[in-house]
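The values are calculated or read from the model by the stated rules, or taken from the named source; none is laboratory data. Note that the structure is predicted; figures quoted are calculated from it, not measured. Ideal geometry is used to build each Cβ from the backbone, glycine not excepted, and the neighbour counts take in all protein chains shown.
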Amino acid sequence: MKQFTLPRTEISAPNVVLGLMRIAEKSDEEIRTLVRTAREAGIDFFDHADIYGGRKHRCEERFAQALQLSPSEREQVTIQSKAGIVTDGPHFDYSYEHLVESVEGSLRALRTDHLDILLLHRPDALVEPEEVARAFDELHSSGKVRHFGVSNHTPRQIELLQKHLDQPIVANQLQLSITHSTIIAQGIASNMQGTEQSLVRDGGGILDFCRLHGITIQAWSPFQAGFFDGVFLGHPEHAELNSVIDRLAAKYDVAPEGIATAWITRHPAQMQVVLGTTTPQRVADSAAGSEVPLTRAEWYELFRAAGWMVP
């Protein structure tokens with residue numbers, strides 16, 4: 001498993017992360033097996049959110065109940081959570097009160113005294129950056145949150161926040177897979193009139209913005225065909241792509257999940273892949289792609305087979 005120092009932090013991070021949004025109904029032993037498989041594969045970075053699990057903090061609670069981490073075990077892992085979505089509505093709330101209350105709830109549920117990273121979970125159209133700054137200042141000075149980031153934010157939204165924050169934004173969690181890769185594809189087709197791929201959809205080059213500012217992109221739904229349209233792996237609508245994936249999987253002696261992971265980790269932006277599966281074997285298969293050395297030709301072949309244009 002490839003590790004790197006998350007920019008502007010002291011965290012040694014793997015380039016594959018285990019997301020835990022689907023563990024609410026799993027037994028303690030199933031959760032322990034899932035996490036143990038991840039740890040054996042080199043994944044020591046776990047992604048949560050206050051809304052995961054059907055009620056607030058449910059998945060965070062199940063994680064803590066199942067693992068019963070000792071203080072020394074807690075220090076061996078990175079725990080990240082997210083706040084800001086209010087499911088009743090739904091709407092968003094980045095007020096000082098909501099963010100602080102949400103973090104306090106996450107800490108209780110996770111049975112820990114700090115989060116390594118807190119992400120703002122999708123943009124709030126009514127955001128008041130001064131309120132976010134006040135919450136971050138309190139959470140940071142009290143030691144309850146060590147680092148901060150965002151999810152699904154555009155360059156301008158990040159700049160607006162950063163103007164008021166004393167803490168750097170260290171991560172931006174964005175949907176990314178071979179087939180759902182507009183943040184990459186747009187730049188390749190830039191300035192091509194009449195081509196939908198050239199349209200800017202993220203406020204102006206979020207991929208390059210994050211690279212310029214040392215913000216780690218965390219790729220969620222790495223196997224999704226589109227926006228929650230189902231996985232592309234093995235799907236007949238993506239026969240050409242799967243043919244290439246299967247051939248490369250045989251070449252590198254990994255499962256197809258490993259190639260889908262490798263396509264993201266091969267990018268020089270040093271992204272993290274956030275897995276959402278609760279199947280231990282799929283975690284292991286995906287993690288095996290962490291160090292697969294796809295060539296430039298292979299990376300672009302996968303990109304073209306997914307339906308993207310390479311001028």
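Gly203 meets the conditions (1) more than 25 Å from Phe136 (Cβ to Cβ); (2) modelled with pLDDT under 95 in every case but one. The failed one is (1).
For region 168-180, name all the residues that are crowded, with 21+ Cβ neighbours inside 10 Å and either closer than 21 Å to Ile264 by Cα or in contact (Cβ under 8 Å) with a residue 60 or more places away in the chain (or both).
If the condition is that a residue be crowded, with 21+ Cβ neighbours inside 10 Å and either closer than 21 Å to Ile264 by Cα or in contact (Cβ under 8 Å) with a residue 60 or more places away in the chain (or both), then Val170, Ala171, Asn172, Gln173, Leu174, Leu176, Ser177, Ile178, Thr179, His180 are the ones that fit.
The condition (being surrounded by 16 or more Cβ atoms within 10 Å (Cβ to Cβ) and modelled with pLDDT of 95 or more) is satisfied by just one residue among Ala250, Ala260: Ala260.
Report yes if some residue within region 146-167 is part of a loop (DSSP other than H, G, I, E, B), buried (at least 21 other Cβ atoms within 10 Å of the Cβ) and not small (Gly, Ala, Ser); otherwise report no. Yes, because at least one residue in region 146-167 is part of a loop (DSSP other than H, G, I, E, B), buried (at least 21 other Cβ atoms within 10 Å of the Cβ) and not small (Gly, Ala, Ser).
Scanning region 261-303 for residues that are of a type in the set (A, V, I, L, M), touching a helix residue (DSSP H, G or I) at 6+ places or on another chain (Cβ under 8 Å) and over 23 Å from Ile23 (Cα atoms) yields Ala262, Ala269, Met271, Val292, Leu294, Leu302. On inspection, Arg39 does not qualify as charged (D, E, K, R), surrounded by fewer than 21 Cβ atoms within 10 Å (Cβ to Cβ) and closer than 20 Å to Ala109 by Cβ. Taken over region 101-119, residues that are within 21 Å of Gln157 (Cα to Cα) and touching a helix residue (DSSP H, G or I) at 6+ places or on another chain (Cβ under 7 Å) amount to 1.
Comparison of Asp124, Asp116, Asp88 shows that the only residue that is charged (D, E, K, R), outside any helix (DSSP H, G or I) and more than 22 Å from Ile215 (Cβ to Cβ) is Asp88. Can you find even one residue in region 250-268 that is touching a residue at least 12 places away in the same chain (Cβ under 8 Å), within 18 Å of Arg304 (Cβ to Cβ) and among the charged types (D, E, K, R)? Checked region 250-268: at least one residue is touching a residue at least 12 places away in the same chain (Cβ under 8 Å), within 18 Å of Arg304 (Cβ to Cβ) and among the charged types (D, E, K, R). Taking region 63-85 as the range and being farther than 23 Å from Gln3 by Cα, touching a strand residue (DSSP E or B) at 6+ places or on another chain (Cβ under 8 Å), not aliphatic (A, V, I, L, M) and not in a loop (DSSP other than H, G, I, E, B) as the test, only Phe63 passes. For Ile169, state whether it is under 24 Å from Arg8 (Cβ atoms), at pLDDT 95 or above and β-branched (Val, Ile, Thr). Yes; evaluated as a whole, the condition is true for this residue.
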